[in-house]
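Student: Before anything else, here's the structure in question.
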Amino acid sequence: MTHEWIFRGSGCGQRGVGLRVLGVLFASLSCGATAWADRVTVTINGIEDEILESARANLELKQYEEREVSPAETRRLFDRGKEQIARSLEPFGYYNPTIESRLERPEPGKFHAIFDVNRGDPVIVQQASVEVNPEAAAIEPVKLALEKFEPKHGARLDHGAYERSKQQIAAALANDGYLAAQLVRHKVSVVRSANTADIDLAWDAGQRHRLGEVRFSESQFPDSFLQKYKTWEEGEYYSADKLLALQQSLVDADYFASVAVAPDLEHAANGVVPVDVMLIRAKRTVYSANIYFSTDSGPGIKLGAQRRWLNKRGHKLGGEIEYSSRLQEISTTYQMPKPGLRPRNYTIGAGYRDEETDTSTSRMARLAANEVTERWKGFTRTLGLQYLNGDFEIADQRGSTSLLYAEGLLTRKQADDRQFPTSGYSLLYGLRFAFESLLSDTSFTQARAEGKWLRKVGDDGRVIARAAFGAMVVDDFDALPPELRFFAGGDRSIRGFDYQQIGETNATGGVIGGEYLAVGSAEYEHFFLDNWGAAVFVDGGDAFKSNFDANVGAGLGLRWKSPIGLVRVDIAKPVVTELDDSWRVHLVIGPDL
């Protein structure tokens, strides 16, 4: 019996005839490609890094390293190699390389292609002419893009840098209103024999456009309210940054599930561009529940609810209940937004707080009225009045207080990742003051500053530094409740010490807090697995009235990137102190900043 076979090796599509004799199949091959298929390896010497990667990507023979290839095909691809490598060097400014090549056969069935590359001298830019209309060139972003243009006179010709610089100039023109700008000259002249190049670029910026009517899609608010979120005056020049600011303001308002802001370039007329804003309303009422644990406060739960808008003016109402072994608190807030060129929120709040620590007990009712400005010179600024009324016990001293004080806060936070930042910082500056003649049991002035800084070290490490300082002048220190005094010690203060263990003491040795605070911390973390790491740290400082007595704790910690946030388990011991120097365990769950 005769069988027909089709062999599909490299370059083989012919037929052979097979004959089965006594159960053994013999095949007469009319093509030897499959039987003679080879493997090839490639070595490129003399270049490295991105130039080597470019050569490998451009070399067709390199693509066959993981495949079988016939000897004829190998030689054909090898013969093209020098030209392909030479072309791959041109984007980096090397137009006259010398390339030696050889095709070796170390053993049957294997080829080794070797290319020895001498890049030669690079092409140098002799002249670089980059022109933009004078009016457009005077605008700061365009001016900056022109100044940063590369390659400059005397530099190596780099095609990648050239293209990036072109794109940056074009983007700067478009972002600042030159939406019809055109590149009217774009030429790079290379003289291979002299290894020189001339660059000639010119843009016709055209008319600078202005921002026109802002058209909002249908939403839960009237157009008159939404128009207040514009971050520009009517007739200002077009700016992509202004459109992004409008979008961010609407997102931050928390009324909408989706916000899209886009210029309607198709209907631009007489240099005026209308702007369309597409809004999709968010869920009106949101609920939250958080379970937490720390050695300072113990296990706890926090429940919250917020009505995102109550009326056509965008007012909000929210409330929270928090319960833990040491703290019980209930609060409610009413917010009145005031959007515009200087956006701010007015907030009225009320609450009751019952807190018990190892050093104090406090039961306080609170009323508050604040003005919050989100973007004030790079900070979130809070100005307001607070009224406290209640009873407290510190050490063996009991008291009651009634205090009306003014408060100002500046806060700023920046991080590259919300849950686990490898680079970022947080800052807080605060000032409080009260006068006994204005519904207060004592007069005082208090200032404080807090900061935290994180930086990545290597591929798997982080350095974390933290500091807190405070000072006050007070007529009657005993009239201040615990929350207005300075204490140190605990998970987020000085580890190795109990929560609020450090402070000035009274005649019986009880901790009563201090008028001054100075605390610092340094920590290094290293993650030896994707989600598991270890830490070493030292914390130190004091809360005092007159004399600073250093209290220093040091220890080791375990870190786990859990699904609910970063878990920190630390074991620490006081190394400098006059207090109890026992080992302590600290547990905190939550973000770093």
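Student: Which FRET efficiency value, to the nearest 0.05, do you get for Glu371 and Asp252 by plugging their Cβ-Cβ distance into 1/(1 + (r/R0)^6) with R0 = 22 Å?
Tutor: Numbers: r = 16 Å, r/R0 = 0.74.
That gives a FRET efficiency of 0.85.
Student: Using a 1.4 Å probe and counting only protein heavy atoms, arrange Trp203, Trp560 so the residue with the most accessible area comes first.
Tutor: Working: Trp203 20, Trp560 95 Å².
Order by accessible area, largest first: Trp560, Trp203.
Student: Follow-up. When the solvent-accessible surface of protein heavy atoms is calculated with a 1.4 angstrom probe, in what order do Met364, Met336 fall, highest first? Numbers along the way, then the final one.
Tutor: Values: Met364 5, Met336 55 Å².
So, going from the largest accessible area down, we get Met336, Met364.
Student: Before anything else, pin down the relative contact order of segment 464-554: Cα pairs under 8 Å, at least 6 apart, normalised by residue count, whole percent.
Tutor: Working: 189 pairs, mean separation 27.1, N = 91.
The value is 30 percent.
Student: Please state the Cα pair-distance histogram of segment 245-359 with 5 angstrom bins from zero: what percent is in each bin?
Tutor: All Cα pairs considered, the percentages come to 2, 9, 15, 15, 14, 12, 10, 8, 6, 3, 2, 2, 1, 0, 0.
Student: Suppose we look only past 44 Å in the calculated P(r) of the chain. What percent of the Cα-Cα pairs does that tail hold?
Tutor: Numbers: 87881 of 175528 pairs.
For the chain, the fraction of Cα-Cα distances above 44 Å is 50 percent.
Student: Also: What translational diffusion coefficient, to the nearest whole µm²/s, does segment 176-282 have by Stokes-Einstein, given a Kirkwood radius computed over alpha-carbon pairs, a temperature of 37 °C and 0.692 mPa s viscosity?
Tutor: Numbers: Rh = 16.3 Å.
Result for D is 202 µm²/s.
Student: Treat each spin label as a single point 7 Å out from the Cα along the C-beta direction, and report the Leu439 to His315 distance in nm.
Tutor: 2.0 nm
Student: Rg and Dmax of segment 537-593 over Cα atoms: what are they, in angstrom?
Tutor: Over segment 537-593's Cα set, Rg and Dmax evaluate to 14.0, 45 Å.
Student: If packing is taken as the average number of other Cβ atoms within 10 Å across a peptide's residues, how do 456-468, 59-71 rank, most packed first?
Tutor: Listed from highest to lowest mean packing, they are 59-71, 456-468.
Student: Follow-up. Once the other residues with Cβ under 13 Å from the Cβ of Gly408 are scored (Lys, Arg +1; Asp, Glu -1), what is the net sum? Let's see the in-between values first.
Tutor: On the way: positive: Arg381, Arg432, Arg448; negative: Glu371, Glu407.
That works out to +1.
Student: Additional query: Quick check: pseudo-label points 7 Å beyond the Cα along Cα→Cβ at Ser101 and Ile348, how many nm apart are they?
Tutor: Result: 8.3 nm between the two label points.
Student: Would you mind listing how long segment 329-382 runs along its three principal axes, going by Cα atoms, in whole Å with the largest first?
Tutor: 47, 23, 11
Student: Positive end of the dipole of the chain, charges at C-beta (+1 Lys, Arg; -1 Asp, Glu), about the Cα centre: which of Gln328, Ile512, Gly490 has its Cα farthest in that direction?
Tutor: Comparing the listed Cα positions along the dipole, Gln328 ranks first.
Student: Full-extension gain between Asn506 and Ile291, please, as 0.36 nm times their residue separation minus the C-alpha to C-alpha distance. Each step should come with its number before you reach the end.
Tutor: Working: separation 215, 0.36 × 215 = 77.40 nm, distance 3.65 nm.
Gain on stretching Asn506 to Ile291: 73.8 nm.
Student: Apply the Kirkwood formula to segment 127-186: the hydrodynamic radius equals the inverse of the mean of 1/r over all pairs of different alpha-carbon atoms; give it in Å with one decimal. Intermediate results must be reported in sequence, preceding the final value.
Tutor: On the way: mean 1/r = 0.0843 Å⁻¹.
Result for segment 127-186 stands at 11.9 Å.
Student: I've got another one for you. Rounded, prolate or oblate: pick one for segment 432-496, where a ≥ b ≥ c are the square roots of the eigenvalues of its C-alpha gyration tensor, a/c under 1.5 means rounded, and failing that, prolate if a/b is larger than b/c, else oblate. Working shown, then result.
Tutor: On the way: a/c = 5.07, a/b = 2.88, b/c = 1.76.
It comes out prolate by the Cα gyration axes.
Student: Loop only by DSSP, 11 or fewer other Cβ within 10 Å of the Cβ. Give me the trypsin sites (Lys or Arg not before Pro) in segment 106-150 that pass, ordered by residue number.
Tutor: Qualifying residues, ordered by number: none.
Student: Could I ask something else about it? Compute the distance in nm between two label points, each set 7 Å from the Cα along the Cα-to-Cβ direction, one at His112 and one at His153.
Tutor: Between His112 and His153, the simple spin-label model gives 5.1 nm.
Student: Give the angle, between 0 and 90 degrees and rounded to the nearest 10, that separates the Cα long axis of helix 240-252 from the longest principal axis of the Cα atoms of the chain.
Tutor: Taking Cα atoms only, the helix is inclined about 50 degrees.
Student: Still on this structure: If only Cα atoms are counted, what is the Rg of segment 460-515, and what is its Dmax, in Å?
Tutor: Cα-based Rg and Dmax for segment 460-515 come out at 14.0, 51 Å.
Student: How big is segment 417-457 by Rg and Dmax over its Cα atoms, in Å?
Tutor: Cα only, segment 417-457: 17.7, 54 Å (Rg, Dmax).
Student: I've got another one for you. Given charges of +1 on the Cβ of Lys and Arg and -1 on the Cβ of Asp and Glu, with all other atoms neutral, how large is the dipole of segment 178-292 about its Cα centre, in debye to the nearest 20? Can you show the working numbers first?
Tutor: On the way: 12 positive and 15 negative charges, 57 e Å.
Once rounded to the nearest 20, the dipole reads 280 debye.
The values are calculated or read from the model by the stated rules, or taken from the named source; none is laboratory data. A quick note: this is a predicted structure, and the numbers were derived from the prediction, not measured. Here Cβ is always computed from backbone atoms with ideal geometry, including for glycine, and neighbour counts include all displayed protein chains. These area figures cover heavy atoms from the full protein model, side chains too; ligands, DNA and RNA do not enter into them. Shrake-Rupley method; radii C 1.70, N 1.55, O 1.52, S 1.80 Å.
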